[in-house]
1. Within the stretch A:81-99, does at least one residue satisfy the condition of being within 12 Å of another protein chain (Cβ to nearest Cβ), surrounded by fewer than 15 Cβ atoms within 10 Å (Cβ to Cβ) and in a loop (DSSP other than H, G, I, E, B)?
2. Out of (1) out of contact with any Lys or Arg (no Cβ under 6 Å at 6 or more places or on another chain); (2) small (G, A, S); (3) surrounded by 12 or more Cβ atoms within 10 Å (Cβ to Cβ), the odd one out for B:S67 is which?
3. Just to be sure, is B:R41 in contact (Cβ under 8 Å) with a residue 40 or more places away in the chain, surrounded by fewer than 18 Cβ atoms within 10 Å (Cβ to Cβ) and either more than 17 Å from A:E151 (Cβ to Cβ) or within 10 Å of another protein chain (Cβ to nearest Cβ) (or both)?
4. How many residues does the stretch B:1-38 contain that are without any contact (Cβ under 8 Å) to a residue 12 or more places away in the chain and more than 11 Å from chain A (Cβ to nearest Cβ)?
5. Return the residue satisfying two criteria in turn: it lies in the stretch A:152-166 and is in a loop (DSSP other than H, G, I, E, B) and at pLDDT 60 or above, and of such residues it is farthest from the other protein chains (Cβ to nearest Cβ).
6. Scan the stretch B:43-62 and tell me whether some residue there is within 21 Å of A:L134 (Cβ to Cβ) and not in a helix (DSSP H, G or I).
7. Under the condition of being open to solvent by 70 Å² or more (accessible area, probe 1.4 Å) and of a type in the set (A, V, I, L, M, F, W, C), which residue from the stretch A:1-22 is nearest to the chain's Cα centre (by Cα)?
8. Going by the structure shown, is B:D144 open to solvent by less than 20 Å² (accessible area, probe 1.4 Å), closer than 20 Å to A:D44 by Cβ and either outside any helix (DSSP H, G or I) or modelled with pLDDT under 95 (or both)?
Number of protein chains: 2
Amino acid sequence: MDKLEEEVNDFALWLIAKQQPVATDLRRIIAAIKIAGDIERIADLAVNVAKACIRIGGEPFVIDIRSLVSMHQLAADMVSAAMTAYDREDASLAAQIADMDRQVDERYGEMMRALLEMEKTDKEALAQMNVLALVARYIERTADHATNIAEHLLYLVKGKHYDLND
Amino acid sequence: MDKLEEEVNDFALWLIAKQQPVATDLRRIIAAIKIAGDIERIADLAVNVAKACIRIGGEPFVIDIRSLVSMHQLAADMVSAAMTAYDREDASLAAQIADMDRQVDERYGEMMRALLEMEKTDKEALAQMNVLALVARYIERTADHATNIAEHLLYLVKGKHYDLND
């Protein structure tokens, strides 16, 4: 992924230098550079989640992880919606991603409350709670990066800056 | 801050279109666009921290917040080091920022463990624990954005991509 991002950047610089693009194309190239950065971070976060899963292994979960599962599904949907929106330069789909992000943030809040409200318990359960808190954070950040992609796209399509991460 | 970021982007596009810069200058402009994005996010996070402080108000803290205070100091130092490093295009200062980020991540872990290990307690204490968990996350992300700035700078100075956020 790191290498692919570099390739996008180098190609973008080459395009700008050699083709001397006009305003709209320039915006398109700069959006591509920013989006490549977000995709690279999403890939890093996926690696972090995978490592956390290995740490939990076959242990039974110490809390109800439905909020986490629902966050994960939403975040995965957001990433593919962001890719589709970019592909089609679809501003209304990009706006929907912001709504999904709000739902992810709600699930994140629920999950953290559930963890904080748990009775103080044994060392192993605490270790798992810590890992679950990390996973929730990684997923929430994945959703943020999908929202960033939607913002870059809106900037590209509408020519002004949007902040959907609110 | 949003408006300032837009100004940086528009000025960068104008520079690219009118001046047709060569490779190094192009990199410099693209680094400026990316760094402006990180600074804008840091400002958003500062607003979030301020709102959280208002929510806690004059309540006594339910846990020892030394880790949080130390995170905050480190993150603030990282942001100003990132600005200095950018100003001087100083690669070795940029590399130090990554070390500081690792310390912030450690403090964040300590803080989350302290929150999760707390005895289940009354509703008000839980509400404050929730806010403290959020503040810790905002500060940790501020430190990540300072690290991103250091990365963009290393890309600019050394001409290749670095991932310091590991």
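1. Here is the first cut: in the stretch A:81-99, the ones within 12 Å of another protein chain (Cβ to nearest Cβ) are none.
So far as the stretch A:81-99 goes, no, none of its residues is within 12 Å of another protein chain (Cβ to nearest Cβ), surrounded by fewer than 15 Cβ atoms within 10 Å (Cβ to Cβ) and in a loop (DSSP other than H, G, I, E, B).
2. Failing condition for B:S67: (1).
3. No; evaluated as a whole, the condition is false for this residue.
4. The total comes to 1.
5. Filtering the stretch A:152-166 for residues in a loop (DSSP other than H, G, I, E, B) gives A:159-166.
From what's left, at pLDDT 60 or above: A:159-160, A:162-165.
Details: A:G159: 10, A:K160: 7, A:Y162: 9, A:D163: 6, A:L164: 12, A:N165: 7 Å.
Result: A:L164.
6. The answer is no, given that none of the residues of the stretch B:43-62 is within 21 Å of A:L134 (Cβ to Cβ) and not in a helix (DSSP H, G or I).
7. That would be A:M1.
8. Considered against the rule, which asks whether it is open to solvent by less than 20 Å² (accessible area, probe 1.4 Å), closer than 20 Å to A:D44 by Cβ and either outside any helix (DSSP H, G or I) or modelled with pLDDT under 95 (or both), B:D144 comes out as yes.
The values are calculated or read from the model by the stated rules, or taken from the named source; none is laboratory data. The shown structure was predicted, so the numbers you read here are calculated from the model rather than taken from an experiment. No Cβ is skipped: glycine too gets one built from the backbone with ideal geometry, and neighbour counts run over all protein chains shown. All accessible areas refer to the heavy atoms of the entire protein, side chains included, with ligands and DNA or RNA removed. Shrake-Rupley method; radii C 1.70, N 1.55, O 1.52, S 1.80 Å.
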